Amino acid sequence: QVQLVESGGGLVQAGGSLRLSCTATGTIFSINTMGWYRQAPGKQRELVARITSGGTTNYADSVKGRFTVSRDNAKNTIYLQMNSLEAEDTAVYYCNIWIRVTIVAPGYEYWGQGTQVTVSS
């Protein structure tokens, strides 16, 4: 049974910073791409940033230069450092991780429970 546990959300003033983390636990054979998505009220869920197993990253245009995604493979953890936060960054943030639970099992994407980030202007 795989679970993703997120932490780090909260309320911050515009211009401030937050760091999100998401750890995968359970039976894990390998982890591929890890990413962060967000969903604001009334909007579709969108990709914020992701990082491959080789360390290649890509970001939504709206967060480039402000957010940094990283991973610690030994801890099965992905991080999102968010700086210069804006009111438009307010959303529920979800981690997304592709995991193989055994050597023969296909990869499957798992989602975190979501963590609220609120930026006050």
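Computed from the coordinates by the stated procedures, all read-outs in this text should not be read as laboratory data. Note that this is a predicted model, so its numbers are computed, not measured. Counting neighbours? That spans all protein chains shown, and the Cβs are built from the backbone with ideal geometry, glycine included.
Brief remarks follow.
- Local electrostatic count, S120, Cβ distance below 14 Å [Lys/Arg +1, Asp/Glu -1]: -3
- Intensity falloff of the stretch 77-121 expressed as log10 I(q)/I(0), Debye formula with alpha-carbon point scatterers, at q = 0.29 Å⁻¹: -1.08
- Across the options Q116, G55, G9, the greatest Cα extent toward the positive end of the charge dipole of the chain (unit charges at beta carbon of Lys, Arg, Asp, Glu) belongs to G55.
- Fully extending the segment from S121 to A87 would add 11.7 nm, taking 0.36 nm per residue of separation and subtracting the current Cα-Cα distance.
- Simple spin-label estimate for Q44 and S17 in nanometres, 7 Å along Cα-Cβ: 3.3 nm
- Loop trypsin sites (Lys or Arg not before Pro), the stretch 47-91, which have at most 16 other Cβ atoms in a 10 Å radius of their Cβ (DSSP): K64, R66
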